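Written out below as structure tokens is the structure these notes cover.
The values are calculated or read from the model by the stated rules, or taken from the named source; none is laboratory data. All of these numbers come straight from a predicted model, not from anything done at the bench. So basically every Cβ, Gly included, is an ideal-geometry build from the backbone, and we count neighbours across all protein chains shown.
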Amino acid sequence: MSDNNGIDPRSVPEVTLTDYLTHWTFLVTVLVSASVWIWDPLLAEWLLADGVLQANNFAYVFHHTLLSLFILSLGSIASYVYIRWHAEKRALVEKEYMLSRIIESEPECVKTVSPDGYLMSMNPAGLAMVGASSFEEISNTEVVGLIAPEYKKAFWNFHKKIIDGYSEKIEFDIVSLQGERKTVESHAVPLRNANGEVTAHLSVTRDITSTKQLNNELRRQASHDSLTGLVNRHEFESRLSVSIERAKKDNSMHAVFFLDLDQFKVVNDTCGHFAGDHLLKQVAQLLRENFRKQDTIARLGGDEFALLLECCSEEDALTHARMLREKIEAMDFYWESKLFKLTASVGAVMVDESMNTVTQVLLSADTACYAAKDRGRNRVFLLKPDEEEVKRERGQMDWVARIHEGIRSKRFLLYAQMIESLDGSSKAHAEILLRYEDVDCNIVPPGAFLPAAERYDIISKLDRYVVENTLHQLVDAPKMFKKISRVSINLSGQSVADETFLAFIFEQFERWPDLAQRICFEITETAAMHDISVAKKFIDQIRALGCEFSLDDFGSGLSSFAYLKNLPVDFVKIDGEFVRDIANDATHYAMIRSINDIAHLMQKRTVAEFVEDDEIKSMLQQLGVDYAQGYGVHKPQPLSELQAWLVDAPENKAS
């Protein structure tokens, strides 16, 4: 240790044969034995006088010799004992020296602490850890003087346990003589004297500052969003779970916000993902600056944020939510000299003793946010337990299980609606529609179950069901294609973005390659706009198989004509909201004429939806629209009955 390096074993000489022969015990023995022989006449005379021995006989000589040997043996034994002690002493010194050298070279701090808490010794590694150049700098220091204030009490309790005879481990922070703070881990045992009494606490202390920082960073990465630094969904749900339990115990009330940026997609599509990431960082910073430290702010994914405001009344929650909406609306986002005005839809829900699970709270907050967007965006919506949206949400959740069961038991039925050629130059074609048959044999329209399928990300399963069953039925009804040119199948935006769905389509047409040229897939304008590059790639790859594509509900989205130019579709289906009022609304009439003219200019055919009577059909013919679809043309019927309908239909309906 630094205050006592031990006795150098080189200062204790080794014992040789010469040392043994010259040792005083051996010399004394030799001298005694010699004296016996020198004084032999006197001894002999004494023995003869007493009549013990006769002169010059064998017994006398033997006794005389034996006595000399006995004396010599005693001296030899004494000399051996001394030499053995001397050798053990040297071995002990060597062990102590080796131990001191090991401690000196130990890379961790090794120290001893007296029962009253003063440092007794410390090796060089320990001195470097506390910033001391020699032990003298800290020799009269209480060990707690080197420990961070908040850990002093814990360390003192730890030290007392060691002095009481226990072995312990502790983690604490020290402060060096230069003021540098470090985190260390110490393992300590009691040191005992020959009587078994504890005389000191011996510990090995390791600097774990870097390890601690790395572990903290790994924990942070596991619980925080890497882009914004906000907590992630997993951590948010964990903290929300604690708040739910707290509300049940002490009747406290908390608030949860879901925030969705209304214009994020415009920024992302116009300026790229890097600009979108920059915007998300700015929004995250705005949230940090305007909420309390105890509030939890999270990025759930994409442009969705969540906030947990603990111990917050409903009135305060609404105030904070409105303030948040206003702050984002006032925020200007510049990117490459372009200015973007932002708004946000905020959904709020109160967490009280009636909330049972994290899922229940998150679904309610999501429903509130969805309601805010549905009411026009850039607004706050506070969801209450008796709101109509809650009932609708529960109804949609009920549909999730029914959809899974319906797919398994084939309760979903394929219907078809004819699409008529208005100029009679082309064959008609049909669109596949989906219906659900409940346990009472009632036919349920898609408006009842598609919102739930879209909301809970299971609509792609319905798409697979429709594609596979449609192709299977068409293979069994080849005569259909003598009267119609193609069959249209709707695809959701989720399926367009799903690479596994594309592989599924390829697999289907490997089984039925002849059907590829008879199929036209329909995607909505909104689905195509969600990611124009992904949609274009999807369309290109399927068209390469021989299929056609139709852009559904055209005119309902933003920047429709700009997107139309870049999408390789064959048909443009004009949104029915324009068509149904064409006879009474001049604006809608002009919109249809514009869409039709531009689509034809791009070599795309047009289809008008919601054609409900002959007047509308006649006006569409005058405008030059290619096809019409609606109840005024044909009412949907089961696909299995379509062939019979075509056989019985007049020629102008079938062609």
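Can you confirm whether the stretch 463-472 contains a residue that is outside any helix (DSSP H, G or I), in the same structural domain as Glu548 (by TED's automatic domain parsing), free of Cβ contacts under 8 Å to residues at least 24 places away in the same chain and of a type outside the set (Phe, Trp, Tyr)? The answer is no; no qualifying residue exists. With respect to the conditions (1) in contact (Cβ under 8 Å) with a residue 40 or more places away in the chain; (2) hydrophobic (A, V, I, L, M, F, W, C); (3) surrounded by fewer than 16 Cβ atoms within 10 Å (Cβ to Cβ), Ala590 falls short on a single one, namely (1).
Would you confirm, using the coordinates I've provided, whether Lys573 is surrounded by 15 or more Cβ atoms within 10 Å (Cβ to Cβ), under 22 Å from Ile432 (Cα atoms), at pLDDT 90 or above and not aromatic (Phe, Trp, Tyr)? Answer is yes for this residue. Asp440 meets each of the listed conditions (1) of a type in the set (Asp, Glu); (2) in contact (Cβ under 8 Å) with a residue 40 or more places away in the chain; (3) loosely packed, with under 14 Cβ neighbours inside 10 Å apart from (2). Checking the stated criteria, Ile297 turns out to be hydrophobic (A, V, I, L, M, F, W, C), closer than 18 Å to Ala368 by Cβ and not in a helix (DSSP H, G or I). Within the stretch 243-266, which residues are out of contact with any Cys (no Cβ under 8 Å at 6 or more places or on another chain) and either of a type in the set (Val, Ile, Thr) or not in a helix (DSSP H, G or I) (or both)? Answer for the stretch 243-266, where residues must be out of contact with any Cys (no Cβ under 8 Å at 6 or more places or on another chain) and either of a type in the set (Val, Ile, Thr) or not in a helix (DSSP H, G or I) (or both): Ile244, Asn251, Val256, Phe257, Leu261, Asp262, Gln263, Val266.
Listed here are the residues, each with its yes/no results for (1) crowded, with 18+ Cβ neighbours inside 10 Å; (2) more than 30 Å from Lys341 (Cβ to Cβ); (3) hydroxyl-bearing (Ser, Thr, Tyr); (4) out of contact with any helix residue (DSSP H, G or I) (no Cβ under 8 Å at 6 or more places or on another chain).
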residue: Val231; (1), (2), (3), (4): yes, no, no, no
residue: Glu245; (1), (2), (3), (4): no, yes, no, yes
residue: Phe264; (1), (2), (3), (4): yes, no, no, no
residue: Gly272; (1), (2), (3), (4): no, no, no, yes
residue: Gln282; (1), (2), (3), (4): no, no, no, yes
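Can you find a residue in the stretch 600-617 that is part of a helix (DSSP H, G or I) and polar (S, T, N, Q)? No, the stretch 600-617 contains no residue that is part of a helix (DSSP H, G or I) and polar (S, T, N, Q). Can you pull out every residue in the stretch 443-471 that is surrounded by 15 or more Cβ atoms within 10 Å (Cβ to Cβ) and under 15 Å from Leu515 (Cβ atoms)? Across the stretch 443-471, the qualifying residues are Val466, Val467, Asn469, Thr470, Leu471. Does any residue of the stretch 209-230 turn out to be under 41 Å from the mean Cα position of the chain (by Cα), touching a residue at least 12 places away in the same chain (Cβ under 8 Å) and farther than 30 Å from Gln282 by Cβ? Scanning the stretch 209-230, I find at least one residue that is under 41 Å from the mean Cα position of the chain (by Cα), touching a residue at least 12 places away in the same chain (Cβ under 8 Å) and farther than 30 Å from Gln282 by Cβ, so the answer is yes. Restricting attention to the stretch 157-178 and to residues that are under 22 Å from Thr209 (Cβ atoms) and among the hydrophobic types (A, V, I, L, M, F, W, C), the residue that is surrounded by the most Cβ atoms within 10 Å (Cβ to Cβ) turns out to be Ile174.
For the stretch 342-368, what are the residues that are of a type outside the set (Ser, Thr, Tyr) and exposed (fewer than 13 other Cβ atoms within 10 Å of the Cβ)? Passing the criteria: only Asn356.
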